[in-house]
Amino acid sequence: MKVLHLCTLLLAVCNIQLTANDNNVSLDAYISQLKKEQFSYDYQKNEVQGLLLRDSWIAPLNLNYSHSTSNPYDAEQVSQVAAIRMDQPIFQSGGIYYGIKYANASREYSDLAVDVAKRKMIKDAISLLMQIKQSDIRAKRQNLQIKNSEINLEQKKEQYLNGQLDSGFLDSAIIERNTVIQALYDIETSKEKLIASFKAISDLTYENAAIPRLELLNEEEFMEHNIALKMAESQNAKDNYNTNVTVAKYLPKVSVTAAYNWSKSENSRFNADMSSFSEEKDYYDYGMKVTMPLSINTFRDIESARVDYLKSQLKIEDEKRSLTSIFAQVLQNIKKLDKKIALSVQNKDLYEKLLEDTRSLFRAGYKTEYDVETLENSVQIQEFDSKIFELDRQLELLTLYEKYANEL
């Protein structure tokens, strides 16, 4: 009854943070070093691409050099030309400012995309670990059921040999025992598959890995720190800046131009009768220019960007609705599991009382050792059921953790 009271209290309060267990295990430790390094490279790539996009408005310096030789007349003529040129926009009607904002928003969105992938992998690793632990408990529980089925089979044998039952009851007992044994084989097979999947993404040994203790969030906190919602909001911000960049693309742009030029010619002449000459010179030029594109697709391009922005706004609201539904469903599932846990506790109390009475009757000679052993196994089965349901509860909470962006 104490456990039942605690479960009821937990649902009533329903505002405890999602935390790791007392071992303070870093959740990153559940994925392999190779996976962590891959995510690290993803973040590095996002940083480099963000800087590249942020500084894309800065025009490069163009270096040119040419060397040519020709002989239209008797002597060879050699010509060399070199130049360094700059054509740098300094005003784009807001395009430079919003371009930088768009680059930063794009990097934030890309980092969130990596966060989502990393969270999912951590969630998968923890989920597999929990299911492996669950399989261990199921196997122990199944072994107890096998023992009970064997006891039942022995009792049916004795009753059959004593003429108290016909062979149909004995056949049923044999089939029941075979069924529970086959179920154990299925559990073991399932466990091996889970172990293989866990080893593929984690360096931990499943036997020694601690399972993090996750607790229930309140809905407000779940929404405030939700990584999926942050990603939708980041997409909206990126689309907003992109709309402004698109508009600025069709507005006046002011650029500064500058160049330094050098040329050298040898044995140059304009006709065969003219004497040859050589010349070397250098000079510079600078100025400014204003450009503005006129395109029949201007308004279509702007409208396309605006539609993307409006659509991403709707996605935020749609994501909120989806997350609210997920939270409500997880909460309902947890409530049902808490009821199952409470029922297992009640059943265990009932079996313990029956076991105590049966032991007394056994000592008095009214019950057999089979009766005592069957009830002992039943008590343990109910205890294992509680542990299995508790792990099911933790698996439900993992659904919330996967989308939870706050630091633990």
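Residue check, residue 198 against (1) under 25 Å from residue 34 (Cβ atoms); (2) touching a Leu at 6+ places or on another chain (Cβ under 8 Å); (3) not in a helix (DSSP H, G or I), all met but one. Which one?
The number of the failed condition is (3).
Can you confirm whether residue 187 is in a helix (DSSP H, G or I), touching a residue at least 40 places away in the same chain (Cβ under 8 Å), within 35 Å of the chain's Cα centre (by Cα) and closer than 30 Å to residue 143 by Cα? Before the answer, list the steps.
Details: in a helix (DSSP H, G or I): yes; touching a residue at least 40 places away in the same chain (Cβ under 8 Å): yes; within 35 Å of the chain's Cα centre (by Cα): yes; closer than 30 Å to residue 143 by Cα: yes.
Criteria met by residue 187.
Can you tell which of 162, 208 is of a type outside the set (D, E, K, R), closer than 30 Å to residue 28 by Cα and loosely packed, with under 13 Cβ neighbours inside 10 Å?
Going through 162, 208 in turn, just one is of a type outside the set (D, E, K, R), closer than 30 Å to residue 28 by Cα and loosely packed, with under 13 Cβ neighbours inside 10 Å: 208.
Taking residue 346 as meeting all but one of (1) in contact with a helix residue (DSSP H, G or I) (Cβ under 6 Å, 6 or more places away or on another chain); (2) part of a helix (DSSP H, G or I); (3) not small (Gly, Ala, Ser), write down the number of the exception.
Evaluating residue 346 over (1) in contact with a helix residue (DSSP H, G or I) (Cβ under 6 Å, 6 or more places away or on another chain); (2) part of a helix (DSSP H, G or I); (3) not small (Gly, Ala, Ser) leaves (1) as the failure.
Among the residues of the stretch 52-62, are any in a helix (DSSP H, G or I), at negative phi, at pLDDT 95 or above and basic (Lys, Arg)?
Applying the first criterion (in a helix (DSSP H, G or I)) to the stretch 52-62 yields 52-54.
With the extra rule that they be at negative phi, the set shrinks to 52-54.
Filter once more, so that each one left must be at pLDDT 95 or above: none.
Taking every residue of the stretch 52-62 in turn, none turns out to be in a helix (DSSP H, G or I), at negative phi, at pLDDT 95 or above and basic (Lys, Arg).
Does the stretch 47-57 contain at least one residue that is more than 16 Å from the chain's Cα centre (by Cα), among the β-branched types (Val, Ile, Thr) and not assigned by TED's automatic domain parsing to the domain that holds residue 195?
Taking the stretch 47-57 as the starting set, the residues that turn out to be more than 16 Å from the chain's Cα centre (by Cα) are 47-57.
From what's left, among the β-branched types (Val, Ile, Thr): 48.
Still in the list and also not assigned by TED's automatic domain parsing to the domain that holds residue 195: none.
Checked against the condition, which is being more than 16 Å from the chain's Cα centre (by Cα), among the β-branched types (Val, Ile, Thr) and not assigned by TED's automatic domain parsing to the domain that holds residue 195, the stretch 47-57 yields no hits at all.
Given the structure, is residue 152 assigned to a helix (DSSP H, G or I), farther than 26 Å from residue 199 by Cα and at pLDDT 95 or above? Let's see the steps before the verdict.
Working: assigned to a helix (DSSP H, G or I): yes; farther than 26 Å from residue 199 by Cα: yes; at pLDDT 95 or above: no.
Taking the combined requirement at face value, the residue does not satisfy it.
Quick check: anything in the stretch 86-105 surrounded by 12 or more Cβ atoms within 10 Å (Cβ to Cβ) and without any contact (Cβ under 8 Å) to a residue 12 or more places away in the chain?
yes
The values are calculated or read from the model by the stated rules, or taken from the named source; none is laboratory data. Remember, it's a predicted structure, so these values are computed and weren't measured experimentally. Methodologically, a virtual Cβ is constructed for each residue, glycine included, from the backbone with ideal geometry; neighbour enumeration extends over all protein chains shown.
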